[in-house]
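A.B. asks: Shown below is the structure under consideration.
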Amino acid sequence: MSSQDIPEENLPAAQDTAHGAVGVADEKHPFADPGLPPHEHRIQDVDERAAKRSERSVALMFTVSMLATIGFIASFVAIPHDKSVYIFPIGHINALNFALGLTLGLALFCIGAGAVHWARTLMSDVEVADDRHPIEASEEVRAKVHADFKQGAKESVIGRRKLIRNTMFGALTLVPLSGVVLLRDLGPLPEEKLRHTLWSKGKLLVNMNTNEPLRPSDVAVGSLTFAKPEGLEQHDHGFQNEIAKAALMIVRIQPDNIKDKRELEWSHEGIVAFSKICTHVGCPISLYEQQTHHVLCPCHQSTFDLSDGARVIFGPAGHALPQLRIGVNDEGYLEALGDFEEPVGPAFWERG
Ligand code: FES
């Protein structure tokens, strides 16, 4: 419908639209600007007792937020990690998670609800319209922003409503503490744990499949054997963390075919032990090519030459697989002669 179709008495009067007044349709602006509806005063604008009631409601919400944040911190400290509670209709859930979620949610909700209630009932609700203007801010505009800011602060009655201001500052100050408390869950720092494994002098090499200590005769030429340190059992606490560092690949290579001098010295009759953890991003290596003595990581195809210090011959891995120095004890079992001399697995920033 064009403006010509609208009865003249329904057309808004021509006024300055930049200040929220109506405009008229013409050739350049074919749609009439209906303008803003007349402003209606809220009860809080005309009744100070109603305004006080709203003020108290807002302050109550900010206060509840503060209490919820304190409850969050208290829950974190007081509730055991393994305690569970029955919550209808969810069922049994972890009590700590439930308390943290409930209190943090309440703290944030009350800040939001308090701010919305404050804006709707006590801040100025005069609607204004403004035309688009160039993006760059001139001195004049900046001065206007400052003036608007001051005006906004005045209209928000933050100076006059001290109870709201103080409780809001309290709520906003306390709620970030929840994040600070949660930082505790990031620790502890790994410290030296990434540099050491369970291997130490005299630890027997145990077959990962049979759980039996290995003798040199158990390692045939061309076979690939996986080993773990003696004493590390699957049901042990922290087994996954320890095996992720200590897992070994053992192969037997004719000593004449070992090209790397140090590798030969650290072997026993051609039996060599290398970390099974890929130095790219830590996948377990599992594919062995017995003719070439190459092992292949299935994740991104890094390939290592076990006859040449396990150096990388293909793929994204950054460095060779660490070798474990081994020997044989008095009872004829294969044993470690110490820990790895470098961290196993992917490079990390301290390694350089
Ligand atoms: S993890 Fe082995 S190649 Fe990527």
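All of the numbers you see were taken from the coordinates with simple rules; none came from a lab. Just so you know, these numbers come straight off a predicted model, no measurement behind them. Note: ideal-geometry Cβ built from the backbone for every residue, glycine included; neighbour counts use all protein chains shown.
A.B. asks: Hey, can you grab everything whose amide H is under 5 Å from the amide H of R311? Only 5+ residues off in sequence or another chain; H modelled, so Pro and N-termini drop out.
C.D. replies: Under 5 Å from the amide H of R311 lie the amide H atoms of D305, each far enough along the sequence or on another chain.
A.B. asks: Within segment 152-239, list the GluC sites (Glu not before Pro) lying in a DSSP loop whose Cβ has at most 10 other Cβ atoms in a 10 Å radius.
C.D. replies: E191, E192, E233
A.B. asks: Then there's this: Tell me the volume per residue, in Å³, of the convex hull enclosing the alpha carbons of segment 193-351.
C.D. replies: 106
A.B. asks: A follow-up question, please. Could you run the Karplus curve 6.51 cos²θ - 1.76 cosθ + 1.60 with θ = phi - 60° over segment 267-281 and give me ³J(HN,Hα) per residue in whole Hz, x for Gly and Pro?
C.D. replies: Once θ is set to phi - 60°, the couplings for segment 267-281 become 9, 10, 6, x, 7, 10, 10, 10, 4, 7, 8, 4, 7, 7, 10 Hz.
A.B. asks: Apply the Debye scattering formula to segment 38-83, with a single equal point scatterer on each alpha-carbon and no solvent, then give log10 I(q)/I(0) at q = 0.13, 0.30 Å⁻¹.
C.D. replies: -0.51, -0.97
A.B. asks: Principal axis lengths of the chain from Cα atoms, whole Å, largest first?
C.D. replies: On the principal axes, the chain reaches 107, 57, 44 Å in Cα extent.
A.B. asks: Tell me, what ³J(HN,Hα) does each residue in segment 316-322 have, in order and in whole Hz, if you take phi through Karplus 6.51 cos²θ - 1.76 cosθ + 1.60 with θ = phi - 60° and put x for Gly and Pro?
C.D. replies: Computed from phi, the couplings for segment 316-322 are x, 4, x, 7, 5, 6, x Hz.
A.B. asks: For segment 41-133, which GluC sites (Glu not before Pro) pass both filters: DSSP loop (anything but H, G, I, E, B) and at most 16 other C-beta atoms within 10 Å?
C.D. replies: Here the GluC sites (Glu not before Pro) that fit, given the DSSP loop and packing criteria, are E127.
A.B. asks: Please report, in debye to the nearest 20, how large the charge dipole of segment 193-351 is about its Cα centre when each Lys and Arg carries +1 at its beta carbon and each Asp and Glu carries -1 there.
C.D. replies: Once rounded to the nearest 20, the dipole reads 400 debye.
A.B. asks: Report, to one decimal in Å, the Kirkwood hydrodynamic radius for segment 218-270 based on all distinct Cα pairs.
C.D. replies: 12.9
A.B. asks: Separate question: On average, how much area does the Cα convex hull of segment 134-197 cover when viewed from any direction, in nm²?
C.D. replies: 9.5
A.B. asks: Additional query: Along the charge dipole of segment 193-351, Cβ charges K/R +1 and D/E -1, which of T210, T225, S307 sits furthest on the positive end?
C.D. replies: It is S307.
A.B. asks: Where in the chain lies the longest segment free of chymotrypsin sites (Phe, Trp or Tyr not before Pro) that are both loop residues by DSSP (not H, G, I, E, B) and have at most 15 other Cβ atoms within 10 Å?
C.D. replies: Here the longest run is 32-347.
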